[in-house]
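Notes to accompany the following structure.
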Amino acid sequence: MADATEQKIEPGQRPIVDYLELPSNDLSDAYIKALVNKDGSAAFLYSPTRRFDSSTGDLDPDSLQPARLENEGELWVYTIVHQSFPGVETPFIGAIVDVPVQGHPDLKVAVRANLVGVEPEPAKIELGMKVRLRARAARKDKEGNDVVIPEFVPI
Amino acid sequence: MEDVFVAGVGMIKFGRYPEETVASLGAQAVKLALDDAGTQLTDVEMMAAGNLYRTNMVGQDILKEIGLTGIPVYNVANACATGATALREAYFAVASGAYDIALAVGVEQMGKKGLLGGTGGGDPAYITEGVMGTGTMPGVFGMAGMEHMRKYGTTQAQFAQISVKNHEHAMGNPLSQYHVQLSLEDVLNSRTVAYPNTLYMCCPTGDGAAAAVLMNKDKIKQYTREPIKIAASALTTDPYTPRDLTFPDINTMTRNAAEIAYEQAGLGPEDIGSVELHDCFATAELLHYENLMLAPEGEGGRFVDEKLTDLSGPQGDKRWTPVNTSGGLLSKGHPLGATGVANVCEITWQLRGQAGDRQVPNYKAGMAHVIGLGSACTVHILTK
């Protein structure tokens with residue numbers, strides 16, 4: 001009888017972070033998972049280890065409910081990084097994007113990601129611009145999986 | 001709570017000392033502070049040691065260099081607020097009445113470690129830096145500056161002018177890591193690290209140590225007739241704000257710490273003669289003008305334009321409050337664990353009238369501020 005741990009797992013797609021959900025092989029289906037507190041006043045990027053609502057200190061085990069973010073958001077701030085760690089390709093636009101929680105139009109979660117599809121020049125980047133989530137297989141990991149990253153492109 | 005006084009301070013010139021150790025750097029600063037206080041290590045009853053990169057048993061290793069007196073030692077790590085948190089531990093050791101004399105030391109040996117951060121271990125395919133924005137400090141503080149640009153129309157040149165000012169201030173401080181005068185063009189034309197921060201708008205890394213001897217009221221009378229009082233010691237962390245877990249909020253905890261400190265000291269911003277604040281990046285300094293209530297909300301840029309935080313600024317203007325007379329982190333340097341204690345050294349020298357070419361006239365109270373991302377903020381107010 002085969003041990004489950006010996007089963008060979010075929011390489012596939014893996015999200016770079018836990019909160020990027022890949023429901024199918026079609027990366028246009030990708031979305032960002034969140035957790036919303038009881039009264040809908042705060043939301044967090046999903047993490048398998050986040051159990052409680054740290055916005056209020058509510059330690060009820062049911063203090064957070066799963067949710068997903070919309071696929072469109074608004075650029076809050078950015079920086080254009082020209083110097084980073086060895087191996088990191090520069091320049092790139094590091095952005096903070098405010099993204100609404102689906103079903104909670106007034107509740108937003110800040111997402112850190114690259115802004116792509118626009119030149120890394122301050123004059124070309126407009127604060128408050130509308131952007132859309134795009135998931136892309138950017139690298140291979142040591143097991144041969146495609147590592148999928150979330151990034152934002154101007155609408 | 002008993003009143004607590006600064007009896008002695010000392011710091012070594014910040015720089016690069018690859019031939020030294022963390023303990024030997026710390027030992028030099030302790031020696032300077034003890035001599036300044038006119039006291040002996042055998043009189044010290046407790047020690048709080050701040051160090052970020054090594055963290056474990058640094059205080060004890062310093063005692064192995066200078067004297068194993070068997071006193072209790074607390075080792076403290078709190079990001080860039082490490083040194084100031086050690087000082088606060090020593091402060092409470094005296095304020096509580098448990099000890100008459102306490103020693104705080106902050107020390108760091110960073111070498112040329114760049115960007116004030118790391119990428120972590122694991123499969124490199126899952127490193128997010130560069131493909132999911134940036135967590136490097138120049139980038140994070142660049143975005144913090146960008147938020148101010150977005151809200152108030154602040155310009156990159158206004159941020160850059162702060163670097164010009166702090167490098168100019170450093171020319172009067174022999175303990176500064178760098179002594180380089182820069183023009184606004186020099187700063188703006190240096191290579192961009194993380195827009196809007198150019199190279200000269202980023203603090204250097206380096207090695208350094210600073211120490212302070214604290215005493216209660218009865219003890220300090222035996223050493224000086226002009227005691228420097230720690231009139232306030234505030235430590236805060238982030239309260240919940242909506243973006244904070246993604247985009248560190250460096251403002252709210254600083255505002256909260258400033259409010260607590262002003263109330264403890266019974267003073268207001270108008271009473272403060274100068275401020276040593278956490279200018280790890282030029283963008284950060286401008287935000288803290290407002291966070292520490294030196295400037296009204298949104299007017300940090302105007303404060304720069306009017307040179308209200310510049311030693312060479314309008315002394316007759318009641319808003320004039322020189323900031324980072326030491327040269328600040330941007331020029332004096334930022335050996336992480338040492339910075340919080342070094343800021344208190346500068347304020348002490350200002351209060352005593354020992355600040356030489358960078359002395360602020362008619363000085364009665366000063367403020368020392370640091371923040372560490374992750375997050376921690378301390379504000380100390382010293383008076384005479």
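Only the coordinates and a few stated rules stand behind these numbers; no lab work does. Note that the coordinates shown come from a computational prediction; the quantities given were computed from them, not determined experimentally. Counting neighbours? That spans all protein chains shown, and the Cβs are built from the backbone with ideal geometry, glycine included.
So the values come out like this:
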item	result
Alpha carbon Rg of chain B, scaled by the compact-globule rule 2.2 N^0.38 Å	0.92
Exposure proxy ranking, count of Cβ atoms within 10 Å, fewest first, for A:SER41, B:SER233	A:SER41, B:SER233
Cα gyration tensor shape of the range A:1-135, rounded if a/c is under 1.5, else prolate or oblate by comparing a/b with b/c	oblate
Acute angle (nearest 10 degrees) that the helix B:336-352 long axis makes with the longest principal axis of chain B, alpha-carbon atoms	70
Sites B:SER312 and B:GLN264, calculated FRET efficiency, Cβ-Cβ separation with R0 30 Å, nearest 0.05	0.40
Order of B:VAL107, B:VAL360, B:VAL4, A:VAL153 under a 10 Å beta carbon neighbour criterion, fewest first	A:VAL153, B:VAL360, B:VAL4, B:VAL107
Alpha-carbon Rg with Dmax, taken over the range B:58-156, Å	20.0, 56
Spatially proximal lysines relative to B:LYS64 (Cα-Cα < 23 Å; intrachain offsets below 8 disregarded)	B:LYS13, B:LYS31
Spin-label model distance (nm) - B:THR42 vs A:LYS130, 7 Å beyond Cα toward Cβ	7.8
GNM top mover of B:LEU373, B:LEU214, B:LEU25 - chain B, alpha-carbon springs below 10 Å	B:LEU373
Label-to-label distance, nm, for residues given as B:ASP123 and A:ASP141 (7 Å Cα→Cβ offset)	0.3
Potential lengthening between B:LYS217 and B:GLN181 on full extension [0.36 nm per residue; Cα-Cα distance subtracted]	8.7 nm
Range of Cα positions in the range B:201-275 per principal axis (Å), largest first	51, 35, 22
Which of A:GLN13, A:VAL101, A:SER24, positive extreme of dipole for the range A:11-154 (C-beta unit charges)	A:GLN13
Qualifying aspartates and glutamates (Cα of each under 18 Å from Cα of A:LYS124; at least 8 residues distant if same chain)	A:GLU74, A:GLU151, B:GLU147
Chain B: antiparallel DSSP beta bridges as a percent of all, rounded to 5	75
Label-point separation in nm, B:ASP3 to A:SER28, each point 7 Å along Cα→Cβ	7.4
Length gained when the stretch B:ASP305-B:GLU226 is fully extended (0.36 nm per residue, less Cα-Cα span)	24.8 nm
GNM result for chain B, Cα springs below 10 Å: residue of B:ILE371, B:ILE62, B:ILE127 fluctuating most strongly	B:ILE127
Over 22 Å (Cα to Cα) - which of B:LYS307/B:LYS332; A:LYS38/A:LYS108; A:LYS38/B:LYS151; B:LYS318/B:LYS384; B:LYS318/B:LYS364 fall in this group	A:LYS38/B:LYS151
Helix-only CD estimate at 222 nm, as mean residue ellipticity for chain B, using -39500 (n - 2.57) per DSSP H run (n ≥ 4)	-10500 deg cm²/dmol
Per-residue Cβ neighbour rank within 10 angstrom, fewest leading, A:LEU107, B:LEU52, B:LEU286	A:LEU107, B:LEU52, B:LEU286
Cα centroid separation - the range B:141-216 against the range B:31-48, whole Å	33
Cleavage-rule hits (trypsin sites (Lys or Arg not before Pro)) in the range B:241-308: DSSP loop, at most 12 neighbouring Cβ within 10 angstrom	none
Virtual paramagnetic centre 7 Å along Cα→Cβ of A:VAL88, amide N under 16 Å, in the range B:231-252	B:247-248
Candidates B:THR325, B:THR42, B:THR85: whichever shows maximal mean-square fluctuation once chain B is modelled as a Gaussian network with Cα springs under 10 Å	B:THR42
Shielding by other protein chains, B:138-149, mean Cβ within 10 Å	5
Two-site FRET efficiency, A:ASP39 against A:GLU72, from Cβ-Cβ distance with R₀ of 35 Å, rounded to 0.05	0.90
Averaged over B:238-249, number of beta-carbon atoms from partner chains that fall within 10 Å	5
Residue among B:GLY38, B:GLY15, B:THR69 farthest towards the positive dipole end of the range B:1-80, charges placed on Cβ	B:GLY15
